[in-house]
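J.: If you scroll down you'll find the structure; I have some questions about it.
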Amino acid sequence: MTRFARIGRMTLIMAVLAVVAFTGRMLWVNGVFSSVPTGFLGSCKVLFGVPGVQDIEIVHGTAFIAASSARDFSEADGIYALPLSGGKLTKLKGAPKDFHPRGISTFRSPDGSGVFLLAVNRRSTGRFSIDSFEVTDPKANPALVAQGTIGGGLLTDPQDVVAAGPGAFYVSNNSLKQSFARRLAGLGVIPGSDILYFNGMLFRPVAQDLYGARGLLLTPDDHLLVASLTTRSLNAFSREPVTGNLTEGKSLTLDAAPEKISLDNRGEVWVAGHANLSDWRDFGADKNARASSQIFRVSLASGEPQEAQQIYGNDGTQIAGASVGASLGKRLLIGSSLDEKLLDCTQN
């Protein structure tokens, strides 16, 4: 065999191996052959009347719920409140007319009495903004008082927001604008997300070229957790409080592609995920299709994820395509941005 023939054969072998590795990664990222262990040690009741649950934050024993369908816009979209000690699910007054929240974050005043809320607003015009509110009387009769709205050229397709102090926050953002590139990023072929930091005056990217950045969470010890849909992982970044700069740290691979994440009163993280992204996309295109739901509890050490345990698993019969889970004590709320229901569960 000549030297050129050997080089040609090696090139062919390397090309075949690259194709096999690429195909294998795509199958794994999208969970083509994944299945969900079903079960939950507890009971759940279904609460109807919401157009779709995008995010949940629990403050002072009340769950604040960002309700808007990922399929379409509705006049029912808005922020809802559910007192966990007993009470009805009610829509809060005070939001602007064109308000369709995608992700929310709450923070308290220094004395702990005041509650403020940030929301990613996906407007019907196609524009996005981060809207801020004060939540008046959060324990008894909550209502929203608009504080301001922030937009900008970098805010191309925000997914979630997390408060980092008065006037400062982080946003997970799909940064690609061309439709073909966005489709490749959605399949996990290329990165297409960044993390923006707003310091009270302007946006700037503090983490770039991420894969499928969705849910955000800021831990008490200044670590930013990012749910990566297309690497099926939960990633930790240490945060510099003065500048807002991020340094990448540990990541934890999950048995599902994660969306929104929340922190409970015990310092553990709750993650909603999709075992099979192909089924999830099919469900997004056709509400008669179904997609499985998984909820994980993740332990932290020094602000970084350590171990994940599945707490809830369902084939999509009870709730399909769960996008968020939030817990307080034995209560677990599960919502889906594509399924018009909210699960109120109690663990044994």
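Laboratory data are not the source of any read-out in this text; all were calculated from the coordinates shown. From a predicted model like this one, the values you see are computed outputs, not experimental measurements. FYI the Cβ positions are ideal-geometry reconstructions off the backbone, even for glycines, and counts take in every protein chain you see.
J.: With charges only on Cβ, +1 for K and R and -1 for D and E, what is the dipole size of the chain about its Cα centre, in debye, rounded to 20? The partial results should precede the final answer.
T.: Working: 33 positive and 31 negative charges, 167 e Å.
With only Lys, Arg, Asp and Glu charged at Cβ, the dipole is about 800 debye.
J.: Using helices alone, I'd like the mean residue ellipticity at 222 nm for the chain: each DSSP H run of four-plus residues gives -39500 (n - 2.57), total over residue count, nearest 500.
T.: That calculation yields -4000 deg cm²/dmol at 222 nm.
J.: May I ask you to derive the FRET efficiency for residue 136 and residue 268 from their Cβ-Cβ distance with R0 = 45 Å, giving the value to the nearest 0.05?
T.: 0.90
J.: I've got another one for you. How many nm is it between the label spots at residue 113 and residue 317, if each spot is 7 Å from the Cα in line with the beta carbon?
T.: 5.1 nm
J.: Report the longest stretch of the chain that contains none of the chymotrypsin sites (Phe, Trp or Tyr not before Pro) sitting in a DSSP loop with at most 12 other Cβ atoms within 10 Å.
T.: It works out to 49-348.
J.: Can you give the FRET efficiency to the nearest 0.05 for residue 248 and residue 127, using r as the Cβ-Cβ distance and R₀ = 22 Å?
T.: The value I calculate is 0.10.
J.: In what order do 311, 334, 65 fall by count of nearby beta-carbon atoms within 10 Å, going from fewest to most?
T.: Final ranking by Cβ density, sparse to dense: 311, 65, 334.
J.: At a 10 Å Cβ-Cβ cut-off, how would you order 238, 193, fewest neighbours first?
T.: Lowest count first: 238, 193.
J.: Out of all DSSP beta bridges with both ends in the chain, state the antiparallel percent to the nearest 5.
T.: The antiparallel proportion sits near 100 percent.
J.: What full-extension length gain, to one decimal in nm, is calculated for residue 168 and residue 302 as 0.36 nm per residue of separation minus the Cα-Cα distance?
T.: My answer for the length gained is 46.0 nm.
J.: I need the trypsin sites (Lys or Arg not before Pro) found in the range 251-321, filtered to DSSP loop residues with at most 16 other beta carbons within 10 Å of theirs.
T.: Here the sparse-neighbourhood loop sites are 266, 287.
J.: Hey, another quick one. What is the diffusion coefficient of the range 200-319 in µm²/s, taking the Kirkwood radius over Cα pairs and the Stokes-Einstein relation at 4 °C with a viscosity of 1.567 mPa s?
T.: Once the numbers are plugged in, D ends up at 85 µm²/s.
J.: Rank these for me by crowding, 302, 172, going from fewest to most other beta carbons within 10 Å.
T.: Starting with the residue having the fewest Cβ neighbours, the order is 302, 172.
J.: Between residue 282 and residue 91, what FRET efficiency comes out of the Förster formula 1/(1 + (r/R0)^6) with R0 = 22 Å and r the beta carbon distance, rounded to 0.05?
T.: 0.15
J.: Quick one: in the chain, what % of C-alpha pairs are over 26 Å apart?
T.: More than 26 Å apart: 47 percent of the Cα pairs in the chain.
J.: Of 135, 206, 219, which is farthest along the charge dipole of the chain in the positive direction, counting Lys and Arg as +1 and Asp and Glu as -1 at C-beta?
T.: After comparing all options, I get 206.
J.: Which of the GluC sites (Glu not before Pro) found in the range 46-136 are loop residues per DSSP with 10 or fewer other Cβ atoms within 10 Å of their Cβ?
T.: Here the sparse-neighbourhood loop sites are 75.
J.: Same structure again: Obtain the nm distance between the two label points defined at residue 208 and residue 240 by a simple spin-label model: each point lies 7 Å from its Cα along the Cα-to-C-beta direction.
T.: With each label point 7 Å from Cα toward Cβ, the separation is 1.7 nm.
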